[in-house]
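Below: one structure, written as structure tokens.
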Amino acid sequence: MSAYTTQIATLTAINAIATLGFYVTLTTGQLSIAHGAFFALGGYVGGWAMIHHGVPLWVALLAGFCGGGATGILTFPATRLRGLYFAVGTFAFGVAVAGGIVYVKQFGGPFGLTGIPISTTFTITIVTLAIAFVAVQLFDRSPLFLAFSAVRDDPEVAEVLGLRVAHVKRITIVAGSALAGVAGVLYASSVGVLQPADAGFDRSLGFLLMAIIGGSRTSWGPLLGAAIWTDAPEVLRFTDNPQWRLILFGCLAVIVMSARPQGLLDRGDLRRLVRLVRRRPAPAGGGPGGVAGLDAPAGAGDG
Amino acid sequence: MTLFTAEAVNALMLGSTYAVVALGIVLIFSVLDVMSLAQGQLLVAAGYVGFVSVLSATGNLLLAALATIVAGFGLGVVVERLAVRPAATGGHMATLVTTLGAGMVILNVLVLIAGPYQRGVDTGSMLHKVTTISGVPVNWAEVTTLIILVIGFTLVHWVTQRTSAGRVVRAAAENPRVAAIFGVNIARVRMLTFACGSSLAGLGGVMLILRYGYVSPDIGVTFTLMGLTAVLLGGTSGIAGAAVASFLLAAIQVGAITYIGAGYGDVVAFGSLFVILIVRPQGLFVRVERRGG
């Protein structure tokens, strides 16, 4: 792979990690327009640690994890808000953070943090993505996911059934923001520079679109979305203007939400695809080699 | 004292613009149950059509203003048909994302056509002084802004409360299904309401351009957010709350810029939304609202 291709691939993986973070927060029905802020602040904290304390990348990743998570905690007041209002609240939060970073001298003010040592390699990024993805997949298949889905679908009923809705929502925010923070550090150490604008609306919108278009109901969705988003400019190279990617994604957002609201990849899609390829019949009450009752009940697993 | 008065006028002007945008958002939300995230972008796009195009073609301010409002209306029809209606079955989230996408497309097509830089607009006579309030000069643009605000709100209130068309709209808002049984063309009402909401955004564009003499693509997102923040701050009471909250927001923003520092306006404004939400998540003003259908 050429150096350029590696750079693109690394960026794709970084975006995928951050979008997985968005996805985790979305499982409780919270559409966050603040993940850019989590991403950037994690990156700022990790980058700052690398510059001023000379820590190695893995320590910076931990710092980013905490930084992102801490920023997520700051958004806790928004958990009281339902869906739509939560989105607007996080929108405001993200823009406020982007505006506020300009005044933090340790983070370089309006010029941003420069001179971050470049330590991110494609390998490190892929490994981090793999770890994050496995974690999210495990979570997806666990009873936790069902609980979180209940919170998304009907919070009142969930509360009545004994789920502490506010608590659950907060968990997904912190988990999602911490993941985004890790991605932020990888990004900071890949590009070497972070700016206040990285915490802003444009970046948050990017993560949102990646997850929504790629597939908001499965952890594979963010991967697909990140791939499309990061690699679209390459395909669109024949046009000179960066606006085309945004126009494309704006139109995609409208088309996807109208025709296929769950996104391009749905839960179970990949499993169905694999089954189709191997031409194995769907297990019915047992299936070849399977034992009735031990097959995962429909909907609890993931494709 | 003069500084305070000058900044108060500033806040009044800014608040008026936010109020008009917020009114559009509330209108759309109460009738269509859609939170439009494209209002600011619609404001800017309408402003470009009206002022940059028509003004340079005719040099007539009134014509340009009218063109802006009509452009807002037209854009609203397009957005409703293409982005809102197909996604309406998907609920709040779907329409949120589609209006987000629509706003993005509008803004970026605009940048593609007209470039990313701000455009100066010759508002000439608007900047002439009308009067002076405690030492602060007030010009025609500022007076016009207030007049537009009052007319706009009065018009919306009168149409929705006193006309039969307004009654139809209110019926569609309260209980679409039953209204449909009574023969109301819900699809048309939705489309027209959205278009009115976006022509209100165009009105905001008129206010803005008359006063500041320029229009730029990047203020689109900021105004969307300000409008949304005002609506959220205002709470479930709708129009009145959003209007009050708009002025409050503008006051906070201008106050922060004046007394803390030039760049703190946005941060403090949005930060205060957060603070208020901690204390009072339902917003400043609450009204019990019955939704049927």
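Structural remarks
- Cα-based shape type of region B:125-249, given that a ≥ b ≥ c are square roots of the gyration tensor eigenvalues and the cut on a/c is 1.5: prolate
- Compactness of region A:196-235, expressed as Rg and Dmax over alpha-carbon positions, Å: 10.6, 31
- Between the C-alpha center of region A:138-162 and that of region B:149-228 there is a gap of 38 Å.
- Extreme residue, positive dipole direction of chain A, given options A:15, A:54, A:130 (C-beta unit charges): A:130
- Pairs of Cα atoms nearer than 8 Å and 6+ residues apart set the relative contact order; for region B:86-182 it is 10 percent.
- About its Cα centre, chain A has a charge dipole of approximately 420 debye under the convention of +1 per Lys or Arg Cβ and -1 per Asp or Glu Cβ, with nothing else charged.
- Global form of region A:1-137, assessed from the alpha-carbon gyration tensor, a/c cut-off 1.5: oblate
- Computed over region A:176-264, the convex hull of the alpha-carbon atoms projects to a mean area of 6.4 nm².
- Against the compact-protein benchmark of 2.2 N^0.38 Å, the Cα-based radius of gyration of the protein assembly as shown scales to 1.00.
- Dipole of chain B [Lys/Arg +1, Asp/Glu -1 at C-beta], most positive-end residue of B:268, B:161, B:120: B:161
- Each listed q (0.14, 0.20, 0.26 Å⁻¹) maps to a log10 I(q)/I(0) for region A:73-146 from the Debye sum over equal C-alpha point scatterers, namely -0.87, -0.99, -0.98.
- Over region B:114-155, the pair-distance histogram of Cα-Cα distances with 5 Å bins from zero comes to 6, 19, 17, 18, 16, 15, 7, 2, 0 percent, rounded to whole numbers.
- Cα Rg, Dmax (largest Cα-Cα span) when computed across region A:84-223, Å: 17.4, 52
- Spatial separation of Cα centroids for region A:243-267 and region A:49-82, in angstrom: 30 Å
- For chain A, the longest principal axis of the alpha carbon atoms and the long axis of helix A:122-140 meet at an angle near 40°.
- Here the sum of -39500 (n - 2.57) over DSSP H runs of 4 or more residues, divided by the residues of chain B, equals -23500 deg cm²/dmol at 222 nm, to the nearest 500.
- The alpha carbon convex hull volume per residue for chain B rounds to 133 Å³.
- Principal-axis tilt of helix A:220-235 within chain A, Cα atoms, nearest 10 degrees: 50 degrees
- Residues residue A:123 and residue A:236, FRET efficiency given R0 of 30 Å [Cβ-Cβ distance, rounded to 0.05]: 0.60
- C-alpha long axis of helix A:243-259 to longest principal axis of chain A, angle in °: 20 degrees
- Cα gyration tensor shape for region B:1-96, rounded if a/c is under 1.5, else prolate or oblate: oblate
- Ligands, DNA and RNA are left out, and with a 1.4 angstrom probe the accessible area of the protein assembly as shown is 42 Å² per residue.
- Counting only Cβ charges, +1 for Lys and Arg and -1 for Asp and Glu, the dipole size of region A:78-219 around its Cα centre is about 180 debye.
- Each listed q (0.06, 0.07, 0.09, 0.12 Å⁻¹) maps to a log10 I(q)/I(0) for chain A, found by the Debye formula over equal Cα scatterers with no solvent: -0.20, -0.27, -0.45, -0.79.
- For the residues A:236, A:129, A:194, a GNM of chain A with alpha-carbon springs under 10 Å puts the largest fluctuation on A:236.
- Taking only the C-alpha atoms of region B:44-113, Rg followed by Dmax gives 14.2, 45 Å.
- Computed about its Cα centre, the charge dipole of the protein assembly as shown is approximately 1180 debye, with only Lys, Arg, Asp and Glu carrying charge at their Cβ.
- q = 0.13 Å⁻¹: log10 I(q)/I(0) that the Debye formula gives for region B:71-185, counting C-alpha atoms only: -0.88
The values are calculated or read from the model by the stated rules, or taken from the named source; none is laboratory data. This is a predicted model, so every value here is computed, not measured. With ideal geometry, Cβ positions are generated from the backbone for all residues, glycine too; neighbour counts draw on all protein chains shown. SASA here: full protein model, heavy atoms, side chains in, ligands and nucleic acids out. Shrake-Rupley method; radii C 1.70, N 1.55, O 1.52, S 1.80 Å.
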